[in-house]
Amino acid sequence: MSLSGQSRATSSGQAQVDSPIKNHAAFIWSVADLLRGDYKQSEYGKVILPLTVLRRLDCVLEKSKPEVLKRFAELKERIENVEPVLENVAGQRFYNTSPLNFRRLLDDPAQLAGNLRGYLAAFSPSARVVLEKFDFEAQIVRLARSDLLYMVVSKFAEIDLHPETVSNLEMGYLYEELIRRFSELSNETAGEHFTPREVIRLMVNILLAEDSQALTEPGTVRTLFDPACGTGGMLTVTENRLRQLNPSARLEVFGEELNDETFAICCSDMLVTGHDTSHIICGNSFTEDGHRGRTFDYLLANPPFGVEWKKVEGAIRREHDNLGYVGRFGAGLPRINDGSFLFLQHMISKMKSLEEGGSRLAIVFNGSPLFTGGAGSGESEIRRWIIENDWLEAVVALPDQLFYNTGISTYFWIVTNRKSAERRGKVQLVDAREYWVKMRKSLGDKRKEISEAQIAEVTRLYADFAEGEKVKIFPNEAFGFQRITVERPLRLRWEVTAETLKALAETKQWVKVPAQEREAVSQIIGRLIGTNTTDRRQMAGMVGPLPKAIEKQVWDALAVSDPEAPIVTDRKGRPEPDPDLRDYENVPLPQVPVSWEPDPAARLASPEYRAAVDEYMAAEVLPYVPDAWVDHSKTKIGYEIPLTRHFYKYVPPRPLAEIDAEIKALEGEIQELLSQVTK
């Protein structure tokens with residue numbers, strides 16, 4: 001299949017979205033017509049999402065319901081804990097002991113509100129915990145008051161969400177399609193909730209690629225964690241992929257989600273697929289770590305792009321300051337308006353040690369974490385910590401217009417503490433920006449997708465680990481640099497003008513000096529108007545002693561930069577630097593293997609690092625400014641990943657004659673059109 005975006009082919013994943021999911025979503029969405037007027041558009045989801053989940057659970061339990069009711073009647077008087085037995089009868093991790101279902105709820109319209117409450121209360125405890133997150137009781141009251149409850153419930157009773165009709169995968173798509181629509185209506189960010197399935201499949205392929213042989217062994221059990229799990233799409237896709245590799249393998253999934261509604265949707269999916277919903281936590285991963293002390297084999301995440309973390313700043317800074325590297329955020333804190341790197345550090349803290357087998361993780365980022373922040377900043381220090389620990393295995397650049405809520409370019413990082421021998425000390429960059437096909441119909445900002453053939457090709461590029469047009473491989477130290485401060489000598493002359501007095505009088509310190517002293521200084525300087533010298537001592541003799549409060553301000557006002565003046569020196573005869581001529585340069589690190597250390601001062605002072613700076617200065621700076629020098633006390637190590645630069649291809653501009661001919665042709669067309677208008 002062609003890599004070109006002109007291809008109209010689609011992946012199987014998109015076909016699954018289109019039908020029957022689009023039809024189901026449209027039918028469910030028609031409930032909004034009933035709500036219009038009594039509900040604001042932004043409130044539709046409060047009704048439609050919980051009822052979609054309820055209808056799905058109702059359909060899943062329909063076949064086993066008679067037997068569950070029979071066993072419940074037999075056991076309720078004899079056994080206190082009937083839950084394990086009824087779960088076994090239902091063949092699910094949940095059940096419902098109400099004789100009613102969605103269709104029978106409609107038999108008594110006058111008692112519908114009460115019967116619906118009873119139906120909800122009859123769910124098993126594991127399901128009730130999930131359903132309570134929707135806070136649906138308030139909507140029952142509101143719908144009943146508006147005479148809408150019967151009409152809305154009857155609409156949902158018509159839709160067929162049985163597993164034989166709508167698979168678990170398709171159900172995930174349905175939830176996410178509804179959420180996308182609600183997010184657009186309420187001006188929220190749909191991308192906070194879900195990730196395109198083909199992106200997840202590509203991430204999972206690469207995440208599991210190094211383990212394909214181990215995962216085919218009988219009785220394989222692995223754990224997976226998503227700290228921003230949304231509706232659980234990443235957990236579901238990973239489990240499906242693992243079962244393709246090994247039908248007998250078992251994946252225990254864990255997650256945490258901040259939003260109550262998406263948490264409830266995720267847990268409902270987990271219930272239907274037989275997972276333990278206690279593994280999914282509702283809370284903030286940063287301040288309410290629901291899996292404290294746990295580690296996992298695999299970790300996946302698509303954290304919200306560019307979301308600030310000001311609300312939790314206090315707790316995060318306390319952990320950073322008090323726990324350091326014992327906590328999660330010891331390496332550094334990113335800028336307040338983007339918490340992406342906080343998610344990555346949180347995930348790294350949950351990797352297994354090498355003695356336990358190690359871990360692999362994949363996380364989706366925008367371009368910011370690749371390069372934002374100068375040397376010594378929180379972002380740069382986090383990159384340094386990851387790369388110098390040899391955890392960054394690969395970065396994959398994805399096409400733009402791939403996500404529902406944004407058209408920007410995205411990337412995913414593969415981070416692991418158990419690199420294979422051939423990958424140690426290296427980072428692989430994969431350029432997959434041209435691997436896309438055009439969608440038949442856009443979904444929000446999503447206009448492109450990655451086909452199954454392209455997923456396989458990108459996976460192969462990663463697995464082959466060979467340099468080529470789409471793959472670059474670099475040693476870890478290639479992403480580091482020394483940020484040096486280049487100083488040039490201060491050259492000044494001192495002169496007194498009317499402007500000098502005016503500038504001095506406007507300084508903040510001047511007004512703090514007693515009026516009598518100000519007057520004395522003004523008279524002295526006033527008598528020196530027209531004086532001009534490059535000898536500070538001579539000027540000092542003429543000015544005389546000055547009040548300490550304004551001594552610096554006076555000399556600053558008298559000083560004028562002059563490239564022809566002698567160099568100003570300190571008391572030890574050393575040149576003083578000119579702040580206005582100060583410059584900064586990035587010097588590549590010497591190509592010697594490095595290991596991470598919190599304070600790299602000794603490394604910066606080593607002969608290899610100093611030699612790299614000296615060579616750079618001799619080649620790039622001193623030929624143009626021979627009096628420059630480096631203030632080594634200010635040197636910092638920085639890291640960035642300029643992926644785009646490494647894959648840049650120069651495209652020469654078109655010849656001027658060709659452009660000129662095109663302009664003339666367009667002018668001719670315009671003249672022809674104008675002549676037709678004026679006829």
> If only one of Glu452, Glu487, Glu457 is crowded, with 18+ Cβ neighbours inside 10 Å and either outside the structural domain of Arg537 (by TED's automatic domain parsing) or under 15 Å from Glu393 (Cα atoms) (or both), which one is it?
Replying inline: Glu487
> Here are Leu242, Leu207, Leu235, Leu202: which of them is closer than 16 Å to Ser278 by Cα, assigned to a helix (DSSP H, G or I) and either of a type outside the set (D, E, K, R) or at pLDDT 90 or above (or both)?
Replying inline: Leu235
>> Given the criteria touching a Leu at 6+ places or on another chain (Cβ under 9 Å), outside any helix (DSSP H, G or I), on the phi < 0 side of the Ramachandran plot and not polar (S, T, N, Q), does Asp107 qualify?
In response: yes
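Listed here are the residues, each with its yes/no results for (1) without any contact (Cβ under 8 Å) to a residue 60 or more places away in the chain; (2) within 13 Å of the chain's Cα centre (by Cα); (3) outside any strand (DSSP E or B).
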{"residue": "Ala331", "(1), (2), (3)": "yes, no, yes"}
{"residue": "Asp338", "(1), (2), (3)": "yes, yes, yes"}
{"residue": "Leu344", "(1), (2), (3)": "no, yes, yes"}
{"residue": "Leu361", "(1), (2), (3)": "no, no, no"}
{"residue": "Gly374", "(1), (2), (3)": "no, no, yes"}
{"residue": "Trp385", "(1), (2), (3)": "no, no, yes"}
{"residue": "Gln401", "(1), (2), (3)": "yes, no, yes"}
>> So Ala26 passes all but one of these: (1) in a helix (DSSP H, G or I); (2) among the hydrophobic types (A, V, I, L, M, F, W, C); (3) free of Cβ contacts under 8 Å to residues at least 60 places away in the same chain; (4) surrounded by 18 or more Cβ atoms within 10 Å (Cβ to Cβ). Which condition number does it fail?
In response: (4)
> Where residues in region 541-567 are over 24 Å from Pro514 (Cβ atoms) and of a type in the set (Asp, Glu), which of them is surrounded by the most Cβ atoms within 10 Å (Cβ to Cβ)?
Replying inline: Asp562
> So how many residues does region 463-500 have that are part of a loop (DSSP other than H, G, I, E, B) and either of a type in the set (S, T, N, Q) or out of contact with any strand residue (DSSP E or B) (no Cβ under 9 Å at 6 or more places or on another chain) (or both)?
Replying inline: 1
> In region 223-236, which residues are within 11 Å of Val253 (Cβ to Cβ) and buried (at least 21 other Cβ atoms within 10 Å of the Cβ)?
Replying inline: Leu224, Phe225, Asp226, Cys229, Gly232, Met234, Leu235, Thr236
> within 16 Å of Leu235 (Cβ to Cβ) and either in the same structural domain as Glu87 (by TED's automatic domain parsing) or touching a Pro at 6+ places or on another chain (Cβ under 9 Å) (or both) - does that describe any residue in region 327-337?
Replying inline: no
> Going through region 320-359 one residue at a time, which ones are acidic (Asp, Glu) and either closer than 23 Å to Ala375 by Cα or in contact with a helix residue (DSSP H, G or I) (Cβ under 8 Å, 6 or more places away or on another chain) (or both)?
Replying inline: Asp321, Asp338
>> Take the residues in region 266-280 that are in contact with a strand residue (DSSP E or B) (Cβ under 8 Å, 6 or more places away or on another chain) and part of a helix (DSSP H, G or I); name whichever of them is surrounded by the fewest Cβ atoms within 10 Å (Cβ to Cβ).
In response: His279
> For region 73-88, what are the residues that are surrounded by fewer than 19 Cβ atoms within 10 Å (Cβ to Cβ) and either touching a residue at least 12 places away in the same chain (Cβ under 8 Å) or not hydrophobic (A, V, I, L, M, F, W, C) (or both)?
Replying inline: Glu74, Lys76, Glu77, Arg78, Glu80, Asn81, Glu83, Pro84, Val85, Glu87, Asn88
>> Regarding region 631-647, can at least one residue be identified that is closer than 30 Å to Pro399 by Cα and either in the same structural domain as Gly367 (by TED's automatic domain parsing) or loosely packed, with under 11 Cβ neighbours inside 10 Å (or both)?
In response: yes
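The values are calculated or read from the model by the stated rules, or taken from the named source; none is laboratory data. None of these values were measured; they are calculated from a predicted model. With ideal geometry, Cβ positions are generated from the backbone for all residues, glycine too; neighbour counts draw on all protein chains shown.
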